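Notes follow once the structure below has been shown.
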Amino acid sequence: MQARVKWVEGLSFIGESASGHQVLMDGNSGDKAPSPMEMVLMATGSCSAIDVVSILQKGRQDVVDCEVKLTSERREEVPRLFTHINLHFVVTGRNLTDAVVERAVTLSADKYCSVALMLGKGVEITHSFEVISL
């Protein structure tokens, strides 16, 4: 995997993935775009959400929505590393059960989410969920 990051102005940068997609990032506390740490947090949520939705779909569950609400804590001193991240999944579907969603969240947390597993080497990562059954 490859990517590049190019300075735009001030503390704004454009990241470009090898697949050609671009994203603006801002090191000025997220003034013009997400900060790099916000991008890491969102990457954690999206990686795990992809797993959860995929696992549920492969299990022939009728999922209609999945949202991950992320909360985090960071050190006060530099470097301002994450110390804790919680991923709270809100999964909506027809005839979904807590057990099925819990299994998908656990599989993502323990086996599949590369971003969370990588961060988990130095960050306490917790998961919670709620099911909205239609």
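Values as computed for the structure displayed
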read-out: Filtered residues of region 12-31 (kept if open to solvent by 70 Å² or more (accessible area, probe 1.4 Å), at pLDDT 95 or above and in a loop (DSSP other than H, G, I, E, B)); value: 18, 19, 21
read-out: Residue among 108, 128 that alone is in a strand (DSSP E or B), hydroxyl-bearing (Ser, Thr, Tyr) and within 19 Å of residue 41 (Cα to Cα); value: 128
read-out: Subset of region 32-44 that is touching a residue at least 12 places away in the same chain (Cβ under 8 Å) and in a helix (DSSP H, G or I) - its residue that is farthest from the chain's Cα centre (by Cα); value: 37
read-out: Flag for residue 92 being among the hydroxyl-bearing types (Ser, Thr, Tyr), part of a strand (DSSP E or B), open to solvent by 50 Å² or more (accessible area, probe 1.4 Å) and at negative phi; value: no
read-out: Residue in region 32-47 that is over 19 Å from residue 133 (Cβ atoms), in contact with a Phe, Trp or Tyr (Cβ under 7 Å, 6 or more places away or on another chain) and surrounded by 15 or more Cβ atoms within 10 Å (Cβ to Cβ) present; value: no
read-out: Close pairs from region 103-131: first of a type in the set (D, E, K, R), partner exposed (fewer than 15 other Cβ atoms within 10 Å of the Cβ) and part of a strand (DSSP E or B), Cβ under 8 Å, at least 6 apart; value: 124/83; 124/84
read-out: Any chance residue 83 is open to solvent by less than 80 Å² (accessible area, probe 1.4 Å) and either part of a strand (DSSP E or B) or of a type in the set (A, V, I, L, M) (or both); value: yes
read-out: Residues of region 48-57 satisfying the condition of being open to solvent by less than 10 Å² (accessible area, probe 1.4 Å) and either farther than 16 Å from residue 116 by Cα or not β-branched (Val, Ile, Thr) (or both); value: 48, 56
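Quick grid of which residues meet (1) charged (D, E, K, R); (2) in contact with a helix residue (DSSP H, G or I) (Cβ under 8 Å, 6 or more places away or on another chain); (3) not assigned by the TED database to the domain that holds residue 114:
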residue: 8; (1), (2), (3): no, no, yes
residue: 26; (1), (2), (3): yes, no, yes
residue: 42; (1), (2), (3): no, no, no
residue: 60; (1), (2), (3): yes, no, no
residue: 71; (1), (2), (3): no, no, no
residue: 74; (1), (2), (3): yes, yes, no
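The values are calculated or read from the model by the stated rules, or taken from the named source; none is laboratory data. Remember, it's a predicted structure, so these values are computed and weren't measured experimentally. Here the Cβ is made from the backbone with ideal geometry for all residues, glycine too, and neighbour counts use every protein chain on show. Protein only, heavy atoms only, side chains kept; ligands, DNA and RNA dropped before computing areas. Shrake-Rupley method; radii C 1.70, N 1.55, O 1.52, S 1.80 Å.
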